[in-house]
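So the structure is just underneath, and the comments pick up after that.
The values are calculated or read from the model by the stated rules, or taken from the named source; none is laboratory data. Keep in mind that what you see is a predicted model, and the values were worked out from it rather than measured. Neighbour counts are summed over all protein chains in view; Cβ atoms, including those assigned to glycine, are modelled from backbone coordinates with ideal geometry.
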Amino acid sequence: MITCGAFRSRLQPGSQDAEVLEHLRNCDACLDHALRVDPDNFFRAIGGEEMEPPGGVDAFASGVMDQIRMRQTEGSVARRFLIAPRRLAAAAGIVVAIGMLFVASQTSFKSVPPPRAAAVQPAQLATKPVVETYDSKDATIVEVPADGKNDPQVVMIFDESLPADL
Amino acid sequence: MAAELRLMIPTKESVEPDDRQLVQTIRNGEPEAFETLVRRKTSKVYSLCYRIIGNAEDAKDISQLVFIKLWENLGKYDPAYAFDTWLYRMVTNVAIDFMRNKQSRENAVNSNLRLVKTVTDAEQAVIVQRKEIENVFNAVSSVLSPKQKTIFVMREMDDLPSAEIARILGCRESTVRNHLFNARKLMQQQLKKRFPEYSRLWKERT
């Protein structure tokens, strides 16, 4: 390190002289003088020095290497699990996806309510009056001859004045 | 005579490979050489991180992260460029990212770091203590953007030339000078406001 006298004679505002900066950063006696010459030396005075991380360089380097080894191990384990069975996993994924799609489609099909059969109401059967005798001047009555003795007798009546539902 | 000659011949142990050779050795499949690189660069990386971040524990964590990123990206290093420039770029990227996240969390806290001193205090003779300068720097630099602070630290504390800082940050030299000018101006304003006893030292620069 240069002497205080040399420092004071060589110090200029904005100096980038390495020896001058080294003195600035190490000599407390010259600090006030340096600030009077150039106030920017205020923050320059705390620079330059190389610091060590807490715990020292050895512990730091070991920590970094441990982290790297751990990541490498994680990476190789991950690769072992991923690379070889990758196709199998992809196939399994596709099967699962298809299965889920199938289940989803079934669920959606079932969820559609079936058309309500109840909407079709059974016709109300009404008992029609049995005509035992009929007599009219306007009617045309045709008796259908029965095949056997036990067959019912069918009589067809054509009469404009009869109700439609008879 | 023979003994003297033997001493002058460099032995394998005495010849330290430079950074590029070390990187090549690691790429050639000797990962243990990376530990040598880490040991060689720890102080540089940690010092820069500490000055940008201003906190020993955070600086240590960020430095570790830088070396892990370095390991992961070593294949991308182009030996045509200086290794330190590439390494510093990694440091500044990680540190700036960290600062951006931290700033958004702690803006309010930093503003209360120190109370303004009285005028009487300001008129007293200034006895400058290095530790106090470090505290003042940590307080007033909190108003700088992460990039401004990084540039200020590299220029004023690591003594890197503006051209080298521009190469590290991948910007123009004029941009570096602009950031530096603005950083000085902002810090001067902060000194006046929060540390009037020191602000008298800081002359106006045009």
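The number of residues in region B:18-49 that are surrounded by fewer than 22 Cβ atoms within 10 Å (Cβ to Cβ) and under 25 Å from B:SER145 (Cβ atoms) comes to 1. Restricting region B:152-172 to residues that are more than 10 Å from chain A (Cβ to nearest Cβ) and part of a helix (DSSP H, G or I), the residue that is surrounded by the fewest Cβ atoms within 10 Å (Cβ to Cβ) is B:ALA163. Of the helices (runs of 4 or more DSSP H) contained entirely in region A:1-51, those carrying at least 1 residues that are of a type in the set (A, V, I, L, M) and either surrounded by 13 or more Cβ atoms within 10 Å (Cβ to Cβ) or at pLDDT 85 or above (or both) fall at A:4-10, A:18-26, A:31-37. Only one of the listed residues (A:VAL77, A:VAL64, A:VAL57) is at pLDDT below 80, under 52 Å from the mean Cα position of the chain (by Cα) and not in a loop (DSSP other than H, G, I, E, B). That residue is A:VAL77. Cβ separations smaller than 8 Å between residues 6+ apart or across chains give the following pairs from region B:40-69 residues that are facing another protein chain (nearest Cβ under 10 Å) and within 21 Å of A:ARG71 (Cα to Cα) to residues that are of a type in the set (D, E, K, R) and assigned to a helix (DSSP H, G or I): B:PHE67/B:LYS41; B:ILE68/A:ARG71.
Could you list, in sequence order, all residues of region B:8-17 that are over 33 Å from the mean Cα position of the chain (by Cα) and either modelled with pLDDT of 55 or more or surrounded by 10 or more Cβ atoms within 10 Å (Cβ to Cβ) (or both)? Even if it seems obvious, please write down each step before you answer.
Keep residues of region B:8-17 that are over 33 Å from the mean Cα position of the chain (by Cα), which gives B:8-12.
Hits for region B:8-17: nothing passes.
I'm trying to understand the selection: among the residues of region B:34-67, which are more than 18 Å from the chain's Cα centre (by Cα) and of a type in the set (A, V, I, L, M, F, W, C)? Residues satisfying the conditions are B:PHE34, B:LEU37. Every condition in (1) at pLDDT below 90; (2) surrounded by fewer than 19 Cβ atoms within 10 Å (Cβ to Cβ) is met by B:ASP61 except one, and the failing one is (1).
Determine whether A:LEU88 is at pLDDT below 75 and within 25 Å of the chain's Cα centre (by Cα). Quick ask: steps written out before the conclusion?
Details: at pLDDT below 75: yes; within 25 Å of the chain's Cα centre (by Cα): yes.
Criteria met by A:LEU88.
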